[in-house]
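Engineer: Please read through the structure below; I'll follow up with questions.
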Ligand SMILES: [Zn+2]
């Protein structure tokens, strides 16, 4: 399952647990339970002991959010995260970036990322690494200092966003064009809000046409 599918499943489980704890009508609970189990069956590996246990947990009327979170954690091995990225990978992707500030490797959980994004506060820049058409691409741009509440172009969720302006090479050697998009200032938060990667792919098309 992809990281954003894990988020979709997590949201479905949260709705079910909220329903259990609010003691909703059994008919409503059955719908929420069927929805959550449906998501689990769609995204999880069939015939896997972890999957079977997880689905069994969902039927527990006394399931708490803590227990659900713990159960979700057991599924992490089933999340196929981001490709392996090293400082050497970044040096290749951002050849023209002098003084490239690297992400905080210690705090990164690549498995849970749909894309990798980090900020260089000192120079008001954001760096983005993502998979586009099965290839790893790097996008660099400036991030405006202003922060607004708005819809992020990438995760398509209401968030704290800033204007990201990429400087992207076109097909013509030496020509550059810029594009502005409001995106989450915090790319870690952005990743946690993903429920589809359509926004990311559309964003990449505008900042990194291929
Ligand atoms: Zn976002």
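Bear in mind these aren't lab numbers, they're just calculated from the coordinates by the rules spelled out. Bear in mind the structure is a predicted one, so any value in this text is a computation, not a measurement. Every residue, glycine as well, gets a Cβ built from its backbone with ideal geometry; the counts of neighbours run over all protein chains shown.
Engineer: Arranged by the count of other C-beta atoms within 10 angstrom, fewest first, what order do 197, 134 take?
Structural biologist: Starting with the residue having the fewest Cβ neighbours, the order is 134, 197.
Engineer: Which FRET efficiency, nearest 0.05, do residue 123 and residue 80 yield, Cβ-Cβ r, R0 30 Å?
Structural biologist: After rounding, the FRET efficiency stands at 0.35.
Engineer: Between helix 3-21 and the chain, what is the angle of the helix's C-alpha long axis to the longest principal axis, kept within 0 to 90° and rounded to the nearest 10?
Structural biologist: The helix 3-21 is inclined about 40 degrees to the chain.
Engineer: Which values, in whole Å and largest first, are the semi-axes of the equivalent ellipsoid of the chain obtained as the square root of 5 times each eigenvalue of the Cα gyration tensor?
Structural biologist: With the √(5λ) rule applied to the chain, the semi-axes are 38, 18, 15 Å.
Engineer: Relative to the longest principal axis of the chain, what angle (0 to 90°, nearest 10) does the C-alpha long axis of helix 26-43 take?
Structural biologist: With both axes taken from Cα atoms, the answer is about 50 degrees.
Engineer: Evaluate the relative contact order of the chain (contact order divided by residue number), counting alpha-carbon pairs under 8 angstrom at least 6 apart; express in whole percent.
Structural biologist: 17 percent
Engineer: Length gain on complete extension for the stretch residue 167 to residue 198, per 0.36 nm per residue less the alpha carbon to alpha carbon distance?
Structural biologist: Extending this stretch completely gives an extra 9.0 nm.
Engineer: Distances longer than 25 Å among the Cα atoms of region 87-207: what percent of all pairs is that?
Structural biologist: That tail contains 16 percent of the Cα-Cα pairs.
Engineer: Next up: Once fully extended, how much extra length lies between residue 21 and residue 158, figured as 0.36 nm per residue of separation less the alpha-carbon to alpha-carbon distance?
Structural biologist: 46.6 nm
Engineer: Would you kindly state how much longer the chain becomes between residue 49 and residue 107 on full extension, computed as 0.36 nm times their sequence separation minus their alpha carbon distance, in nm to one decimal?
Structural biologist: Computed gain between residue 49 and residue 107 is 17.9 nm.
Engineer: So what is the 222 nm mean residue ellipticity for the chain from helices alone, if each DSSP H run of at least 4 adds -39500 (n - 2.57) and you divide by all residues, rounding to the nearest 500 deg cm²/dmol?
Structural biologist: -11500 deg cm²/dmol
Engineer: Taking the beta-carbon count within 10 Å as an exposure proxy, list 115, 20 from fewest neighbours to most.
Structural biologist: In order of increasing Cβ crowding within 10 Å: 20, 115.
Engineer: Along Cα→Cβ, 7 Å out, is where each label goes; now give me the distance between the ones at residue 65 and residue 35 in nm to one decimal.
Structural biologist: 1.7 nm
Engineer: Normalised by the empirical 2.2 N^0.38 Å for globular proteins, what value does the Cα Rg of region 3-78 take?
Structural biologist: Computed over Cα atoms of region 3-78, the ratio equals 1.01.
Engineer: Could you please rank 205, 57, placing first whichever residue has the fewest other Cβ atoms within 10 Å of its Cβ?
Structural biologist: With the sparsest Cβ surroundings first, the list reads 205, 57.
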